[in-house]
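This report refers to the structure that appears directly beneath it.
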Amino acid sequence: MALVAGWKLAAAVTRAGGVGLLGGGYAGILGAEPILEDEYGLATGTRIGIGFITWALAQAPELLDRALALNPACVFLSFTDPALFARKILDAKVPLICQAQTLAHLARAVDVGADIVVAQGTEAGGHGGSRATFPFVPEAADYLAKAAPSVLLLAAGGIADGRGLAAALLLGADGVVVGSRFWAAEEVLTPTRATDRAIVASGDDTVRTTAIDALRDVPLPSEFSFRVIKNKLTDAWVGRDAEAAQALRKAGSLRFV
Ligand SMILES: Cc1cc2nc3c(=O)[nH]c(=O)nc-3n(C[C@H](O)[C@H](O)[C@H](O)COP(=O)(O)O)c2cc1C
């Protein structure tokens with residue numbers, strides 16, 4: 001979770017028995033970000049992985065070399081074709097996890113040699129696609145059973161407790177990726193005001209939109225959108241992407257996360 005999962009959250013997840021992921025960020029597209037080596041170094045005594053938004057990494061590929069030099073527990077790639085970076089990660093003998101929003105993404109991840117794939121449903125917080133977790137995960141499991149039985153499958157999107165984990169395992173996943181639930185943890189980099197809001201929110205309070213990225217000039221491919229908690233900004237801009245882009249142009253440079 002770029003700009004959210006720093007060393008504290010990643011280390012806490014690993015200490016609790018999972019694999020914590022440091023958010024590798026937007027490669028500076030959204031402004032200053034924590035220094036990768038500093039964050040990684042603070043998680044001493046734990047094995048954590050590093051996640052990258054693939055299209056952002058393409059704008060600062062040296063970040064991957066810096067990440068691999070740290071010998072992370074894994075590298076997690078998401079959003080757009082992982083082929084550009086897969087070879088380098090696998091050559092470094094670092095496990096590669098690729099997050100997929102469609103079966104085609106999943107097949108591509110298998111083709112480029114991913115050790116683990118994530119079937120991410122539209123229920124997910126943050127960026128994602130349009131497929132629902134419940135039908136996507138079993139389709140992904142069936143695909144892997146035939147095409148790549150040694151590749152592990154994780155389910156993501158709407159899983160926040162043991163009930164979600166149990167459901168995901170029944171659907172054929174080997175494990176889960178949890179984001180939003182940890183976004184409300186005290187270890188995140190996010191301001192407390194925002195996480196306090198998340199704690200009192202329900203699923204009714206979220207919306208999936210592309211308008212926020214249009215407003216903040218994030219060049220995300222159009223197949224992806226962003227699930228956020230509704231607020232005055234979403235009330236004003238959801239469904240008005242073209243006007244949002246125009247407003248951004250007028251404002252010159254409008255940068256926020
Ligand atoms: C605040 C937030 C930020 C996220 N940032 C990223 C990111 O930078 N890269 C990424 O691959 N996924 C990101 N995700 C998506 C997660 O990888 C994961 O798929 C998702 O959180 C799982 O669904 P859940 O939120 O319902 O648990 C983010 C999710 C949230 C909630």
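Normalised by 2.2 N^0.38 Å, where N is the number of residues, the alpha-carbon radius of gyration of the chain equals 0.97. If only the Cβ of Lys and Arg carry +1 and only the Cβ of Asp and Glu carry -1, the dipole of the chain around its Cα centre is close to 240 debye. In straight Cα distance, which aspartates and glutamates are under 12 Å from K230, not counting same-chain residues fewer than 8 positions off? Result set, ordered by chain and number: D204, D205. For K93, a cut-off of 14 angstrom between C-alpha atoms picks up these aspartates and glutamates, skipping any fewer than 8 places away in its own chain: D65, D115. Dividing the C-alpha radius of gyration of region 1-117 by 2.2 N^0.38 Å, with N its residue count, gives 0.99. For region 201-251, the dipole from Cβ point charges (+1 on Lys and Arg, -1 on Asp and Glu) about the Cα centre works out to 160 debye, to the nearest 20. Close amide H pairs (under 5 Å, H built 1.01 Å from N) link L21 with G49, residues at least 5 positions away or on another chain.
Highest GNM mean-square fluctuation, the chain, Cα pairs closer than 10 Å: which of D241, D91, D217? Comparing D241, D91, D217 in the GNM, the peak value goes to D91.
Full extension of the chain segment joining D91 with D205 gains 36.7 nm, where the gain is 0.36 nm per residue of separation less the Cα-Cα distance. Per residue, region 185-248 exposes 57 Å² of solvent-accessible protein surface, assessed with a 1.4 angstrom probe and all protein chains in place. With θ taken as phi - 60° and the Karplus curve 6.51 cos²θ - 1.76 cosθ + 1.60 applied, the whole-hertz 3J(HN,Hα) list for region 168-185 is 5, 5, 5, 6, x, 7, 8, x, 9, 10, 10, x, 3, 4, 7, 4, 8, 7 Hz, x standing for glycine and proline.
Taking every protein chain into account, the 1.4 Å probe leaves I35 with about 90 Å² of accessible area, to the nearest ten.
The 3J(HN,Hα) values that the Karplus relation (6.51, -1.76, 1.60; θ = phi - 60°) gives for region 197-203 are, in residue order, 5, 5, 5, 8, 7, 10, x Hz. Gly and Pro appear as x.
The residue list Q120, A141, S202 was ranked by how far each Cα lies along the charge dipole of the chain toward its positive end, using unit charges on Cβ atoms, and S202 comes out on top. Taking the accessible area of region 62-116, probe 1.4 Å, and keeping the other protein chains in place, the carbon and sulfur fraction comes to 57%.
The values are calculated or read from the model by the stated rules, or taken from the named source; none is laboratory data. Since we're looking at a predicted model, the values are computed, not measured. Glycine also receives a Cβ, built like all others from the backbone with ideal geometry; neighbour counts cover every protein chain displayed. Only protein heavy atoms, including side chains, enter the accessible area calculation; ligands, DNA and RNA are left aside. Shrake-Rupley method; radii C 1.70, N 1.55, O 1.52, S 1.80 Å.
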